[in-house]
């Protein structure tokens with residue numbers, strides 16, 4: 001049997017799963033889903049982690065393309081990346097449909 005390389009879809013799905021694979025990141029995504037945008041300082045008052053830890057989680061979500069941030073000194077405003085989220089949703093639904101009995 002010949003080994004195959006991982007498909008682009010498999011790599012993208014694993015990146016999304018990694019980014020969503022922590023309760024803090026799920027909480028961030030849920031918080032942003034309920035609002036147009038949110039400032040980092042506002043999130044740190046609601047999500048029970050240190051500001052530096054929150055920043056690391058925000059960076060993970062941003063690197064995966066799930067959210068986007070806008071830096072307007074001295075604050076950073078985050079929101080869900082709607083364009084990428086449509087693509088991500090399609091990938092996730094396709095994956096779930098493929099596995100579902």
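Numerical summary
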item: Of every Cα-Cα pair in the chain, the percent that sits beyond 19 Å; result: 46
item: Segment residue 31-residue 87, length gained on full extension (0.36 nm per residue, minus Cα span); result: 18.1 nm
item: Label-point separation, residue 45 to residue 5 (7 Å along Cα→Cβ), nm; result: 4.9
item: Folded to 0 to 90 degrees: helix 23-33 orientation relative to the chain principal axis, Cα; result: 70
item: Sequence-separation-based contact order of the chain, relative, with Cα cut under 8 Å and 6+ spacing, percent; result: 27
item: Rounded FRET efficiency, nearest 0.05, which uses the C-beta distance separating residue 14 from residue 77 and R0 of 25 Å; result: 0.30
item: Helical mean residue ellipticity (222 nm; -39500 (n - 2.57) per DSSP H run of 4+; nearest 500) of the chain; result: -19000 deg cm²/dmol
item: Principal-axis tilt of helix 82-99 within the chain, Cα atoms, nearest 10 degrees; result: 40
item: Crossing angle, helix 8-20 versus the chain [Cα axis fit, 0-90 degrees, rounded to tens]; result: 40
item: Simple label model, 7 Å out from Cα along Cβ direction - residue 22 to residue 52, nm; result: 1.4
item: Ranked 46, 24, criterion: other C-beta atoms within 10 Å, fewest first; result: 46, 24
item: Sorted by Cβ density within 10 Å, fewest first, the residues 87, 96, 47; result: 96, 87, 47
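Since every read-out is calculated from the coordinates, none of them should be taken as a lab result. Quantities reported herein were computed from a predicted structural model and do not represent experimental measurements. Positions of Cβ are backbone-derived with ideal geometry, glycine not excepted, and every protein chain shown enters the neighbour counts.
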